[in-house]
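Novice: Have a look at the structure that comes next, please.
The values are calculated or read from the model by the stated rules, or taken from the named source; none is laboratory data. Since the model is a prediction, treat every value here as computed from it, not as a measurement. Here the Cβ positions follow ideal geometry from the backbone for every residue, glycine too, while neighbour counts run over all protein chains shown. What goes into the accessible areas is simple: the full protein's heavy atoms, side chains included, and nothing from ligands, DNA or RNA. Shrake-Rupley method; radii C 1.70, N 1.55, O 1.52, S 1.80 Å.
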Amino acid sequence: MGNSPAVIETSGLSKRFRGGQLAVNGLDLTVPRGSVFGFLGPNGSGKTTTIRMLMGLIEPTSGTARLLGSPMPKAARAVLPRVGALIEGPALYGFLSGRDNLLRYDAADPTADPRTRTARVGAALDRVGLTAAAGKKARAYSLGMKQRLGLASALLQQRELLVLDEPTNGLDPQGMREIRSLIRELAEDGTTVFLSSHLLDEIEQVCSHAAVMNQGRLVVQGEVAELAANARGRLVVTTPDTGAAARLLKERGIADVAVAGEDRVSSELPPDEMELADLNAELVRAGVRVRGFTAERASLEDAFVALTGEGFDVAG
Amino acid sequence: MSRAEVVEAPRRDPEPGPARRPGVLWSLGLFRSELVTVLRRWRTLALLVVLAAVPILIGIAVKVDTGGRGGGGGGGEGGPAFLTQITNNGLFLVFAALAATLPVFLPMAVGVVAGDAVAGEAGSGTLRYLLVAPAGRTRLLLAKYVSVLAFCAIATLVVAVSALAVGALLFPLGEVTTISGTQISFADGLLRAVAIAGVVAVSLSGMAALGLFISTLTNSGIAAMATTIGLLITVQILGQIPQLHAIGPYLFPHYWLSFADVLRQPVYWDQLVKNFELQALYVAVFGSAAWARFTTKDITA
């Protein structure tokens with residue numbers, strides 16, 4: 001895909017937990033350098049287990065994982081200082097202040113220079129907008145503030161790769177926007193971002209590439225634009241005369257016509273040779289009171305449904 | 001809805017930055033951070049306060065008890081060691097307080113700190129962030145063990161210093177009569193008190209390793225603490241059963257009270273050395289077990 005070597009590369013990566021349950025099943029994942037990579041999947045699809053294997057926290061049952069070109073978990077001490085991570089939500093020492101939490105995490109990194117520690121912690125706090133609350137005990141933080149502090153701990157050093165597991169969890173819409181623009185900013189600086197989420201529109205807004213997991217398997221991976229292109233858009237007509245509109249669309253040979261609710265008729269987009277404006281005029285001529293006539297672009301969600309034939313629900 | 005652009009524009013490669021090599025001194029940062037984190041918990045402070053209160057209680061009890069009678073008797077065998085000499089010399093409160101806290105209070109405090117060391121961090125999730133920092137599993141375990149040992153020393157010192165202060169306040173100080181019956185100067189006695197505190201702290205190292213091992217087995221700090229302290233109590237009971245005297249010498253508290261031998265003239269080393277050997281054995285066995293467990297464990301919390 002990319003011309004530079006992959007930042008994350010797994011082959012046949014599998015994890016079977018002691019209960020016999022196969023959490024991750026033969027994963028072949030390639031994350032190109034410089035991408036913002038969305039890692040999608042319903043809750044329980046194996047995303048977090050994959051991330052834990054990538055970070056050397058759990059040992060794969062079989063298969064290999066390479067992070068920044070080095071095998072994990074063997075090269076953990078050489079590779080992980082160049083990787084910032086937020087895994088399954090932030091974890092903090094409630095009895096320490098936000099700043100002291102970061103000082104502690106930074107002290108755990110043997111490659112972190114203690115002489116620049118205070119300055120780097122200050123910069124990380126500033127970056128996530130927590131400077132004002134830095135002296136407060138982490139116990140008193142709201143979920144959103146904890147999430148920001150967790151992000152700050154991933155930003156203590158210049159990183160080549162950021163692995164962010166559900167980074168906007170618990171944030172209000174304003175906070176979500178801030179974090180997303182922070183992610184874009186980091187990506188522009190050249191950091192590869194591996195972003196796990198179950199929110200499709202989040203992935204769509206910030207990611208250049210995406211992979212979809214379901215029940216421990218990789219369903220698809222590629223560029224977001226490509227993935228979305230696989231799904232066709234839909235035509236939506238808003239009108240009180242749903243019956244008449246649906247009949248006319250069917251007569252014109254348009255597939256998958258469905259009445260949705262009181263005043264919506266949707267269908268597949270007509271073939272390219274059919275001019276949408278003509279279709280609209282025809283509806284009006286037939287006495288259909290057209291209030292809205294839109295060709296909706298395919299979203300990643302449509303792509304997902306098209307690819308998996310499934311909804312996006314919690315795996316059983 | 002805006003779609004993410006597939007940015008193919010040339011990107012600045014992240015700056016490689018100065019080669020970051022771990023320095024030896026930098027590694028001490030983790031140990032210092034460990035110890036500071038342990039000491040900043042209210043729980044730890046509460047434990048230390050309780051430990052400091054023991055000599056105060058003993059001192060007041062002895063003062064009240066002997067207040068009417070004046071200088072107490074010489075060598076009463078009943079009650080804890082050294083208790084009877086306190087009225088003659090406040091320094092003996094140090095020995096009495098250590099003898100009183102060593103069987104239960106001190107190891108209990110160590111059990112709390114050691115049991116919580118890994119399991120508590122696993123339970124709160126902070127362990128995974130330390131490991132991806134990356135602290136390194138062996139390095140982190142070592143830092144944890146050293147900080148537990150430091151806590152052993154601090155806890156012992158708290159008892160000793162509190163006892164010395166109370167002893168000096170309530171009772172006269174002066175020349176020390178050793179267990180052998182000879183007299184040594186107060187300065188020499190003070191030196192021996194320091195030595196005894198050292199011996200007591202070392203006596204706790206086996207228990208600390210055991211606690212740390214148990215701590216690697218679970219993700220619940222409370223469970224690890226309870227198991228460690230439960231084990232301590234069990235071992236103390238087993239040591240009291242005459243029918244089990246065969247296993248006695250292998251139980252970690254067996255030689256604990258040998259620290260009194262420092263007060264002989266000359267110092268009687270036999271039991272002290274056996275104590276050190278036994279503690280070293282426990283540290284080796286449970287230290288390796290903890291290492292084997294922790295370096296291969298899946299961190300799922």
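Novice: Tell me, which longest segment in chain A has none of the GluC sites (Glu not before Pro) that fall in DSSP loops with at most 15 further Cβ atoms within 10 Å?
Specialist: Excluding the exposed sites themselves, the longest stretch runs over A:1-261.
Novice: Moving to a separate point now. Which parts of segment A:147-176, residue by residue, lose 40 Å² or more of accessible area when the rest of the protein chains are there, as against the chain isolated (1.4 Å probe)?
Specialist: Residues shielded by partner chains are A:GLN158.
Novice: Keeping every protein chain in place, order A:SER11, B:SER205 by accessible area at 1.4 Å, biggest value first, i.e. largest first.
Specialist: These residues rank, largest area first, as A:SER11, B:SER205.
Novice: Near the amide H of A:VAL220, under 5 Å away, which other amide H atoms are found, from residues 5 or more places off or on another chain, if H is placed in the peptide plane?
Specialist: A:VAL212
Novice: Loop by DSSP (not H, G, I, E, B), at most 14 other beta-carbon atoms within 10 Å: where is the longest site-free stretch of chain B for trypsin sites (Lys or Arg not before Pro)?
Specialist: For trypsin sites (Lys or Arg not before Pro) (loop position, at most 14 other Cβ atoms within 10 Å), the longest site-free span of chain B is B:70-301.
Novice: At 1.4 Å probe size, with the rest of the protein present, what percent of the exposed accessible area of segment A:110-154 is carbon and sulfur atoms?
Specialist: 58 percent
Novice: Taking 8 Å as the Cα distance limit and 6 or more residues as the minimum spacing, I'd like the relative contact order of segment B:24-296 as a percentage.
Specialist: The value is 24 percent.
Novice: Could you give the angle, 0 to 90 degrees to the nearest 10, between helix A:173-188's Cα long axis and the longest principal axis of the Cα atoms of chain A?
Specialist: Value to nearest ten degrees: 70.
Novice: Counting other Cβ atoms within 10 Å, which chymotrypsin sites (Phe, Trp or Tyr not before Pro) in segment B:200-301 have at most 13 and lie in a DSSP loop?
Specialist: Passing both the DSSP loop test and the Cβ count: B:TRP269.
Novice: Please name whichever of B:VAL285, B:VAL50, A:GLY89 sits farthest to the positive end of the charge dipole of the protein assembly as shown, dipole taken about the Cα centre and charges placed at Cβ: Lys and Arg +1, Asp and Glu -1.
Specialist: B:VAL50
Novice: For segment B:24-296, report the accessible area per residue in Å² (1.4 Å probe, heavy atoms, rounded to an integer). Don't skip to the end; give the middle numbers.
Specialist: Values: 11690 Å² over 273 residues.
Using a 1.4 Å probe on heavy atoms only, each residue of segment B:24-296 averages 43 Å².
Novice: Can you give the accessible area buried between chains A and B, summed over both chains, with a 1.4 Å probe, in Å² to the nearest 100?
Specialist: Summing both sides, the interface buries roughly 4400 Å².
Novice: Can I ask one more? Residues of segment A:104-124 losing 40 Å² or more of accessible area relative to the isolated chain, 1.4 Å probe, heavy atoms only?
Specialist: Residues meeting the cut-off: A:ARG104, A:TYR105, A:ALA107, A:ALA108, A:PRO110, A:THR111.
Novice: Under the rule that an exposed site lies in a DSSP loop and has at most 11 other Cβ atoms within 10 Å, name the longest stretch of chain B with no GluC sites (Glu not before Pro) of that kind, not counting the sites themselves. The partial results should precede the final answer.
Specialist: On the way: sites that count: B:GLU5, B:GLU8, B:GLU77.
Answer - B:78-301.
Novice: Counting only the heavy atoms of the protein chains, how much of A:THR192 is accessible to a 1.4 Å probe, in Å² to the nearest 10?
Specialist: 0 Å²
Novice: When the Karplus curve 6.51 cos²θ - 1.76 cosθ + 1.60 is applied with θ = phi - 60°, which whole-Hz ³J(HN,Hα) does each residue of segment A:214-223 get, with x for Gly and Pro?
Specialist: Rounded to whole hertz, the list is 8, 6, x, 10, 7, 7, 7, 8, x, 6.
Novice: Still on this structure, I have one more. In segment A:1-89, which trypsin sites (Lys or Arg not before Pro) are in a loop and have at most 13 other Cβ atoms within 10 Å, using DSSP for the loop call?
Specialist: A:ARG18, A:LYS74
Novice: While we're on this one: Pull out the extension gain between B:PHE186 and B:LEU238, defined as 0.36 nm times the separation in residues minus the alpha carbon to alpha carbon distance; nm, one decimal. Working shown, then result.
Specialist: Working: separation 52, 0.36 × 52 = 18.72 nm, distance 3.85 nm.
Additional length available on full extension: 14.9 nm.
Novice: Right, next: Can you give the angle from 0 to 90° between the axis of helix A:143-154 and the longest principal axis of chain A, with both taken from C-alpha atoms, to the nearest 10?
Specialist: 60 degrees
Novice: Karplus couplings for segment B:146-157 from phi (6.51 cos²θ - 1.76 cosθ + 1.60, θ = phi - 60°), rounded to Hz, Gly and Pro as x?
Specialist: 4, 6, 5, 4, 4, 5, 3, 5, 5, 4, 4, 4
Novice: Per-residue Cβ counts within 10 Å, from other chains only, averaged over A:56-65: what number is that?
Specialist: Rounded to a whole number, the mean comes out at 2.
Novice: Share of segment B:24-296's accessible area from carbon and sulfur, percent, 1.4 Å?
Specialist: 72 percent
Novice: What value, in deg cm²/dmol to 500, does the helix sum -39500 (n - 2.57) over DSSP H runs of n ≥ 4 give at 222 nm once divided by the residues of chain A? Spell out each step's value before the answer.
Specialist: Numbers: 11 runs with 104 residues, N = 316.
Counting only the DSSP helices, I get -9500 deg cm²/dmol.
Novice: Would you please state the base-10 log of I(q)/I(0) at q = 0.07, 0.08, 0.10, 0.12 1/Å for the protein assembly as shown, with intensities from the Debye formula using one equal scatterer on every alpha carbon?
Specialist: At q = 0.07, 0.08, 0.10, 0.12 Å⁻¹ the computed log10 ratios are -0.59, -0.71, -0.93, -1.15.
Novice: Compute the accessible area of each residue in segment B:138-156 twice, once for its chain alone and once with every protein chain present, using a 1.4 Å probe on heavy atoms, and list those whose area falls by at least 30 Å².
Specialist: Listed by number, the residues meeting the 30 Å² cut-off are B:ARG139.
Novice: Also, quick follow-up: Which net charge results for the neighbourhood of B:GLY29, defined as the other residues with beta-carbon distances under 12 angstrom from its beta-carbon, given Lys and Arg at +1 and Asp and Glu at -1?
Specialist: +1
Novice: Using the Kirkwood radius built from alpha carbon pairs, what does the Stokes-Einstein equation give as D for chain B at 25 °C and 0.890 mPa s, in µm² per second?
Specialist: In µm²/s, the coefficient is 114.
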